[in-house]
1. Show the residue pairs that are 6+ apart or on different chains and have beta-carbon atoms under 6 Å apart, the first residue being within segment 365-377 and in contact (Cβ under 8 Å) with a residue 24 or more places away in the chain and surrounded by 13 or more Cβ atoms within 10 Å (Cβ to Cβ), the second being not charged (D, E, K, R) and not in a loop (DSSP other than H, G, I, E, B).
2. Is there any pair with a first residue in segment 35-46 that is more than 14 Å from Gln75 (Cα to Cα) and a second that is assigned to a loop (DSSP other than H, G, I, E, B) and at pLDDT below 70 whose Cβ atoms are under 7 Å apart and which are 6 or more apart or on different chains, and what are they?
3. Assuming Ser159 fulfils every condition listed in (1) assigned to a helix (DSSP H, G or I); (2) of a type in the set (Ser, Thr, Tyr); (3) touching a Pro at 6+ places or on another chain (Cβ under 8 Å) apart from one, which condition is it?
4. When the residues of segment 134-166 are filtered to those that are surrounded by 13 or more Cβ atoms within 10 Å (Cβ to Cβ) and in contact (Cβ under 8 Å) with a residue 24 or more places away in the chain, which remaining residue is nearest to Tyr96 (Cα to Cα)?
5. Residues Asp115, Asp81: which one is assigned to a loop (DSSP other than H, G, I, E, B) and either more than 20 Å from Thr47 (Cβ to Cβ) or outside the structural domain of Thr47 (by TED's automatic domain parsing) (or both)?
6. So which pairs qualify, if the first residue must be in segment 305-333 and without any contact (Cβ under 8 Å) to a residue 12 or more places away in the chain and closer than 15 Å to Arg380 by Cα, the second must be outside any helix (DSSP H, G or I) and of a type outside the set (S, T, N, Q), the Cβ gap must be under 9 Å, and the two must be at least 6 apart or on different chains?
7. What about Ile84, is it out of contact with any His (no Cβ under 6 Å at 6 or more places or on another chain) and either on the phi > 0 side of the Ramachandran plot or at pLDDT below 90 (or both)?
8. Do we have any residue at all in segment 192-215 that's outside any helix (DSSP H, G or I) and either under 28 Å from Val356 (Cα atoms) or in contact with a Cys (Cβ under 9 Å, 6 or more places away or on another chain) (or both)?
Amino acid sequence: MAEMTTPENGKARLFISDTQEKDWIIPKGTWLRISEGPENRDGIVRTAAQAEISAGQLQSEEIEILKITSPSEIQRISPDDLSIPVEVQITDMKPYRFGGGRKGVYVTAPGPDPDNSGGFLSIWLAMSFFVFWAFGGAGQPSNMVRLMAFRSSAVLKKSIFAVSIYYTLIYGSLVVIFCCARILLPGMEIDSDRVMPDMAALLTANAGVPWLAGLLVAAPFAAVMSSVDSFLLVLSSALVRDVYQRNINPDASDRKMKKLTYLVTGIIGILATLVAVHPPKYLQDLIIFATSGLAACFLVPMFLGLYWPRMTASGTIAGMIGGCVTHLLLYIIGYVVEGRFAVYQLLGFQPFLWDVLGSTLVAVGVSLKSQPPAPEIVDRYFKGN
C-alpha cells in the first residue's frame with residue numbers, strides 16, 4: 001500500500017473494429033487494456049458503468065471509467081477476455097483532489113480523497129468522530145431504552161470496559177481485513193460498498209468452499225434487516241400512538257389503530273424503498289446522516305432532562321427541533337455546494353458537534369424563557385423522598 005498511487009476517475013468511449021448484428025454489452029467492472037504516452041506504455045482501466053454498442057455501430061456512448069496508476073497493479077491486473085477487441089478512447093480524466101499521484105498516501109494521514117481537498121480524514125474531523133460515535137449512539141432512542149436497563153453504576157462501568165475491548169477486537173480486525181482487500185481487489189472504487197461481499201466471495205472461492213460466502217454475508221445482512229424492521233416499528237408506533245392516538249383521537253378503537261399501523265408502516269416502507277433506488281455513493285454517508293440526526297434531536301433534551309432541574313417541556317421540544325434544523329441545514333448547504341448528498345463541515349468539524357451546540361442553545365434558551373417546572377415535580381426527581 002505504501003507503493004500505491006491513487007487511481008483516476010474519468011470518462012471514455014469504447015470502439016470496435018467491425019459492426020455487429022446485435023447490440024453488444026460490455027458489463028460494469030470490465031478490465032480493459034489501453035496504450036498511453038508516446039512510448040505506448042501499457043495501462044489498464046475498469047468500466048464504472050455498463051457500456052452498450054448498438055447494432056451497426058462502432059462506438060459506445062461516453063461512460064465512466066477508473067484508470068489504475070500504480071505500476072505494480074498495472075502489471076498484475078489482466079484485462080478481461082472479450083470476444084471482440086475493444087479500443088478505449090479516454091475523453092476526460094480527473095485525479096484525486098488530495099493525494100493524486102503521490103506514493104504513501106494510503107498509509108499516512110489524512111488519506112486520499114477524490115473530492116475533498118483536505119483529504120479523507122482531517123485531524124479535526126478525526127477528533128470529532130471520537131466524540132460522535134461515543135455520544136451519538138447514546139442519543140438514539142433505541143439505545144436510551146437499553147441504557148435504562150443497567151442495575152447500578154458499577155454494572156455500567158464494567159459494561160463500558162467490556163464493550164471497549166469487544167469493539168477494539170472487532171474493528172481492529174476489520175481494518176486489517178479491508179487493507180488486505182485494497183490489495184486483493186483493485187479497482188473497487190467503482191462500487192466500494194461491495195468490497196465486503198466481494199472479498200468473502202474471493203477468499204471462499206480460492207479456499208474451495210464458495211458456499212461459505214453465503215453464510216459470511218448473511219450475518220451482516222441479518223443485522224441490517226433486524227435494525228430496519230425495528231426502526232419501522234418504532235416510527236410507525238410513534239406516529240400512530242404518540243401523535244395520532246394521544247393528541248388527535250384518544251378514543252380510537254383497537255381495530256382502527258391496527259389498520260392505521262399497517263398503513264403507516266407500509267407507506268414508510270415504500271418511501272424508504274424509493275429513496276434506496278438512488279442511494280448515496282457510500283452507505284456509510286447514510287449511516288452517519290441517520291445516526292447524527294437522531295442524536296442531534298434527542299441527546300441534549302434527554303441529558304438536560306436528567307441532570308438540569310430547570311429543563312421544561314417547551315425546552316425539550318425546542319431542543320429537538322433546534323438540533324434537527326441545524327442538522328438538516330448543514331446537509332442542505334453540503335448538497336448545494338457539492339451538488340450531491342454531502343455534509344458541510346463547518347471549520348472542519350463533524351456536523352454532530354454543531355447539531356449538539358444548536359440543540360443546547362435552543363433548549364436552554366427556551367427553558368429559561370418558559371414557566372419553570374412545578375416544584376413538586378422537581379423535588380420528586382431531583383431531591384428524592
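The values are calculated or read from the model by the stated rules, or taken from the named source; none is laboratory data. Owing to the predicted nature of the structure, the values given are computational and were not obtained by experimental measurement. A quick note on method: Cβ atoms are made from the backbone with ideal geometry, for glycine too, and the neighbour counts reach across all protein chains shown.
1. Val366/Ser314; Val366/Gly315; Val366/Ala318; Ser367/Gly315; Ser370/Ser314
2. Listed pairs, sorted by first residue: none to list.
3. So Ser159 meets the others, but not (3).
4. Per the stated criteria, the residue is Gly136.
5. Working: Asp81 fails: either more than 20 Å from Thr47 (Cβ to Cβ) or outside the structural domain of Thr47 (by TED's automatic domain parsing) (or both).
Residue meeting the stated conditions: Asp115.
6. As it stands, the answer is Gly305/Met311, since those pairs meet every condition given.
7. yes
8. The answer is no, given that none of the residues of segment 192-215 is outside any helix (DSSP H, G or I) and either under 28 Å from Val356 (Cα atoms) or in contact with a Cys (Cβ under 9 Å, 6 or more places away or on another chain) (or both).
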